[in-house]
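The values are calculated or read from the model by the stated rules, or taken from the named source; none is laboratory data. Given the structure is predicted, the values throughout are model-derived calculations rather than measurements. Every residue, glycine among them, receives a Cβ derived from its backbone with ideal geometry; neighbour counts consider all protein chains shown.
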Amino acid sequence: MQTMTHAALTSDGSARIVQGGDAAPAISIRNVTQRYGEQGSANAVLALDNVSLDIGRGEFVCLLGPSGCGKSTLLNVVGGLFRPTEGEVLVGGKRVDGAPHPDEIAFVFQESTLFPWYTVIENFRIALKFQNVPKSEWDDRSMAALKAVGMASFANHYPNQLSVGMRQRVNMARGICVKTNILLMDEPFAALDEQTRMVLGEDLSILLAETGKTIVFVTHSLAEAVFLSDRIVVMTARPGRIKTIVNVGEAHPRSPDFMLEPRFSELRNDLYALLRDEIRQAMASQRDPAGA
Ligand SMILES: Nc1ncnc2c1ncn2[C@@H]1O[C@H](COP(=O)(O)OP(=O)(O)OP(=O)(O)O)[C@@H](O)[C@H]1O
Ligand SMILES: [Mg+2]
C-alpha cells in the first residue's frame with residue numbers, strides 16, 4: 001500500500017499539506033478490486049486489482065494510464081457511485097459505501113452535465129440547492145466561480161448558446177462553486193482545444209492554491225498531468241494496478257513558465273517511458289477483452 005507523508009508547496013514555499021500523523025487522509029483507497037461481468041463468463045473483466053492509495057487534503061493527484069486500465073472505475077468508486085467488488089474507500093476517515101456524498105464530493109465529467117433547459121446560473125442554483133447551501137449564498141457563489149473561469153457575462157445564457165469549450169468552463173466552475181472539499185474530474189478537458197485546455201489548467205492550479213480542495217483528475221495528457229499534479233499515479237494496463245507514483249514538487253499556482261523548465265520535459269519524458277509498454281499491452285489486450 002502506498003501510504004504518504006506529503007507536503008505540497010505554496011508559492012511562498014511553505015507547506016500546504018502536511019499529511020500523516022493524526023490527520024486522516026482526504027481519501028484512502030484500500031485494496032480496491034473491481035470485477036465486471038459474471039466471473040468465468042466471456043464478459044468477465046478484472047478492471048482494478050488491489051489498488052491502495054492515500055490522498056492528502058488539498059492535494060492534486062492525477063490518474064494516468066492506458067485506455068481501459070480502470071481510471072474512471074476508480075474515480076467512480078471514490079465518488080461512491082458504486083461499491084467495489086473488494087476493498088473500501090474512506091473519505092475523511094468515513095467509509096464511502098457505494099452511495100454518493102454530494103456534501104463531500106463533486107464530479108466534473110468530460111461531457112458537460114448542465115441541464116439544457118436551465119440557464120447557466122439556474123444550473124448552479126440547482127447544484128447549490130442540492131447541497132443545502134443557504135439560498136442567500138447561491139448567486140454570490142455562482143458568480144464568483146463563473147468569474148474565476150472568465151464566464152461571468154454568460155450567467156443568463158442557456159448551455160446550447162455556448163461553445164463546447166465555454167460549456168466545459170461553466171461545468172468546471174459549477175464543480176468549483178459547490179462547497180465540497182473533494183473534486184473528482186474525469187478527463188474534464190478532453191473535448192477542448194489545446195489552448196483552452198492550457199488556460200483552464202492554469203485556472204485550476206490557481207483554484208487549488210486558493211481553495212485547498214483535494215482534486216483527483218484523470219487525463220491522457222502527459223503535459224497536463226505534469227502541469228497540474230502534486231503527484232501522478234501511473235497505472236498499468238488492465239487489470240489496473242499502481243505501477244508507480246511520480247512526485248512533481250512544484251508550488252501552486254503554477255505559471256506557464258513551468259512548462260519551459262527542463263524539469264518539466266524530463267518529467268513528461270519519464271511518464272512516457274513508464275506508460276509506453278503499458279499502452280502497447282493495453283492495445284494487445286483489446287484483442288482479448290476478457291483480460292481477467
Ligand atoms: N459498467 C461496466 N460494465 C462492464 N465493464 C465495464 C464497465 N465500466 C467499465 N468496464 C470495463 O472496465 C475496464 C476499465 O474501464 P474504465 O472505464 O474504468 O477505464 P478507463 O481507464 O477510464 O479508460 P479510458 O481512458 O478509455 O476512459 C474496461 O475494460 C471497461 O470495458
Ligand atoms: Mg475513463
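Data table
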quantity: First in the stretch 258-277 and closer than 12 Å to Leu222 by Cα, second anywhere and at pLDDT 95 or above and not in a helix (DSSP H, G or I), Cβ under 6 Å, 6 or more apart; calculated: Leu274/Val234
quantity: Tabulated pairs, the stretch 70-83, first within 16 Å of Ile182 (Cβ to Cβ) and free of Cβ contacts under 8 Å to residues at least 40 places away in the same chain, second more than 9 Å from ligand 2 (Cβ to nearest atom) and of a type in the set (Asp, Glu), C-beta under 9 angstrom, 6+ apart or interchain; calculated: Gly80/Asp97; Gly80/Glu104
quantity: For Ile121: the one exception among (1) farther than 18 Å from Pro188 by Cα; (2) more than 16 Å from the chain's Cα centre (by Cα); (3) more than 16 Å from ligand 1 (Cβ to nearest atom); (4) in a loop (DSSP other than H, G, I, E, B); calculated: (4)
quantity: Residues of the stretch 127-150 classified as under 13 Å from Cys177 (Cα atoms) and under 22 Å from the mean Cα position of the chain (by Cα), total; calculated: 12
quantity: Count of residues meeting criterion [closer than 25 Å to Thr211 by Cα, within 12 Å of ligand 1 (Cβ to nearest atom) and assigned to a loop (DSSP other than H, G, I, E, B)] in the stretch 39-80; calculated: 0
quantity: Flag for Val170 being among the aliphatic types (A, V, I, L, M), free of Cβ contacts under 8 Å to residues at least 60 places away in the same chain and surrounded by fewer than 21 Cβ atoms within 10 Å (Cβ to Cβ); calculated: no
quantity: Residues located in the stretch 45-76, provided they are among the β-branched types (Val, Ile, Thr) and surrounded by fewer than 20 Cβ atoms within 10 Å (Cβ to Cβ); calculated: Val45
quantity: Residue within the stretch 228-247 that is more than 30 Å from Tyr36 (Cβ to Cβ) and of a type in the set (A, V, I, L, M) present; calculated: no
quantity: Any hit, the stretch 77-93, residues being surrounded by fewer than 16 Cβ atoms within 10 Å (Cβ to Cβ), within 25 Å of Leu222 (Cα to Cα) and within 16 Å of ligand 2 (Cβ to nearest atom); calculated: no
quantity: Phe217 being among the aromatic types (Phe, Trp, Tyr), in contact (Cβ under 8 Å) with a residue 60 or more places away in the chain and under 28 Å from Gly175 (Cβ atoms); calculated: yes
quantity: Scan of the stretch 9-38 for residues that are modelled with pLDDT of 70 or more, under 14 Å from Lys213 (Cα atoms) and assigned to a strand (DSSP E or B), ordered by number; calculated: Ile27
quantity: Residue match in the stretch 186-196 (condition: within 16 Å of ligand 2 (Cβ to nearest atom) and part of a strand (DSSP E or B)); calculated: yes
quantity: Some residue of the stretch 19-29 being within 12 Å of ligand 1 (Cβ to nearest atom), crowded, with 22+ Cβ neighbours inside 10 Å and not basic (Lys, Arg); calculated: no
quantity: Scope the stretch 222-238; condition surrounded by 21 or more Cβ atoms within 10 Å (Cβ to Cβ) and in a helix (DSSP H, G or I); matching residues; calculated: Glu224, Ala225, Val226, Phe227, Leu228
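Residue-wise test of (1) among the β-branched types (Val, Ile, Thr); (2) part of a strand (DSSP E or B); (3) buried (at least 16 other Cβ atoms within 10 Å of the Cβ); (4) modelled with pLDDT of 95 or more.
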residue: Glu210; (1), (2), (3), (4): no, no, no, no
residue: His220; (1), (2), (3), (4): no, no, no, no
residue: Val246; (1), (2), (3), (4): yes, yes, yes, yes
residue: Gly249; (1), (2), (3), (4): no, no, no, no
residue: Asp257; (1), (2), (3), (4): no, no, no, no
residue: Ser265; (1), (2), (3), (4): no, no, no, yes
residue: Ala273; (1), (2), (3), (4): no, no, no, no
residue: Ala284; (1), (2), (3), (4): no, no, no, no
residue: Asp288; (1), (2), (3), (4): no, no, no, no
